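Colleague: One structure follows; several queries about it will come next.
Here, each number is a calculation from the coordinates, and none is a lab measurement. Fair warning: this is a prediction, and the values are worked out from it, not measured in the lab. Cβ placement follows ideal geometry from the backbone for every residue including glycine, while neighbour counts extend to all protein chains displayed.
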Amino acid sequence: MRIWRNKKRLSSEIDMNRIPVHIAIIMDGNGRWAGLRGMPRAVGHRAGVEALREAVKTCDALGVKYLTVYAFSTENWKRPQSEIGILMSLLKEYVRKELDELHANDVQVRVLGNVEQLPQDVREAVLLACERTKENSGLIFNLAVNYGGRAEIIQAVKSIVKDVQTGKIDADTINEDTFENYLYTNGCPEPELLIRTSGEMRISNFLLWQAAYSELVVVNECWPDFNEKSLIEIVRIFQNRDRRFGGIKKEEE
Ligand code: FPP
């Protein structure tokens, strides 16, 4: 049974026929959001989980096919152990609590990143969510956990080298399509839209290969303040962008 609202026109300002197929989000600013309110960073992360729940529902309602969120980077291990512990338990709690609802709404959960290095309970919770929802045909929800764009490229190169050495593939035939098959995002189209909250103008090692031609939209609001209205406004901005992919406009030819 679907429990979220059905797909419908969410705004008169956006063209529901030109919704990005794949949206990626760098959910930044939880710590600052909490700091500005004189609260501990953990409160910001918890509020960030609520914003994530809303973003998933909004993407589903808009008819977005792929949503990829940066939940924990390979660099986030540099944070104090206490904060790492909070982020890991929030992740576990999030996938456990949301699993039934995600599944009921036909969402397919996937994980991008090196899950082997996660604490066992977190790894098991995430992998269970992936396993249980793997046949779902609705929104594909990629959780980037212990993810780094450089690490992803290195692991792809290592796997390609192995496949060349064992004769599975011929080195001369390697092209961009071959390479993409070895990335964590294998089978996902590239994100047309990459959103970052909290005003920082960086991509922070997120989807380095895949975001080559993504439209970047940076908003000043911190992630916990991000809501349905924010996402719709960003889609409107995206729809007004002129995407040329290195070419020129048709009318200029
Ligand atoms: C950035 O805030 C956010 C993260 C480190 C990861 C995103 C985490 C969440 C949205 C909450 C947890 C959700 C899950 C599913 C684990 P920051 O701490 O870098 O903020 P700051 O730049 O203001 O310090």
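Colleague: Report, by chain and number, residues whose modeled amide H sits under 5 Å from the one on Met27, excluding near sequence neighbours (fewer than 5 apart, same chain).
Modeller: Counting only residues 5 or more places away or on other chains, the set is Tyr70.
Colleague: Something else now. Once the principal axes of the Cα atoms of segment 10-146 are found, what is the range along each, listed largest first in whole angstroms?
Modeller: The principal-axis extents, from largest down, are 45, 36, 24 Å.
Colleague: Using only the C-alpha atoms of segment 171-253, find the volume of their convex hull and express it per residue in Å³. Can you show the working numbers first?
Modeller: Numbers: hull volume 11.8 nm³, N = 83.
Convex hull of Cα atoms, per residue: 142 Å³.
Colleague: Separate question: Which whole-Hz couplings ³J(HN,Hα) result when phi for each residue of segment 60-73 is put into the Karplus expression 6.51 cos²θ - 1.76 cosθ + 1.60, θ = phi - 60°, listed in order with x for Gly and Pro?
Modeller: 4, 5, 6, x, 5, 8, 10, 10, 10, 10, 8, 8, 7, 9
Colleague: Considering only the chain, what is the antiparallel percent among its DSSP beta bridges, to the nearest 5?
Modeller: About 0 percent, rounded to the nearest 5.
Colleague: Can you order the peptides 126-135, 238-247, 41-50 by their average number of other Cβ atoms within 10 Å per residue, highest first?
Modeller: So the peptides 126-135, 238-247, 41-50, ranked by packing, come out 41-50, 126-135, 238-247.
Colleague: Out of every Cα-Cα pair in segment 15-83, what percent are more than 20 Å apart? All intermediate terms of the calculation are to be shown ahead of the outcome.
Modeller: Working: 948 of 2346 pairs.
Tail of P(r) above 20 Å: 40 percent of Cα pairs.
Colleague: Another one. Taking only Cα atoms and a 10 Å spring cutoff, compute GNM fluctuations for the chain and point out the largest among Ala55, Ala24, Ala171.
Modeller: Ala171
Colleague: How charged is the neighbourhood of Leu193? Take every other residue with its Cβ under 15 Å from the Cβ of Leu193, and add Lys/Arg as +1 and Asp/Glu as -1. Could you put the intermediate results ahead of the total?
Modeller: On the way: positive: Arg18, Lys65, Arg196, Arg236, Arg241, Arg243; negative: Asp15, Glu190, Glu192, Glu215, Glu233, Asp242.
Neighbour charge sum, excluding Leu193 itself: 0.
Colleague: Run the simple label-point estimate for Tyr213 and Ala171 please: 7 Å along Cα→C-beta, distance reported in nm.
Modeller: Label-label distance for Tyr213 and Ala171, simple model: 2.9 nm.
Colleague: At a 10 angstrom cut-off on C-beta neighbours, averaged per residue, how do the peptides 145-154, 14-23 rank from highest to lowest?
Modeller: 145-154, 14-23
Colleague: Next question. Hey, what's the Cα Rg ratio for the chain versus the globular rule of thumb, 2.2 N^0.38 Å? Walk me through the intermediate numbers first.
Modeller: Details: Rg = 18.7 Å, N = 253, 2.2 N^0.38 = 18.0 Å.
Cα Rg divided by the expected 2.2 N^0.38 Å: 1.04.
Colleague: Among 57-67, 158-168, how do they line up from the highest to the lowest mean number of other beta-carbon atoms within 10 Å?
Modeller: Values: 57-67: 21.1, 158-168: 12.0.
In decreasing order of mean packing, 57-67, 158-168 become 57-67, 158-168.
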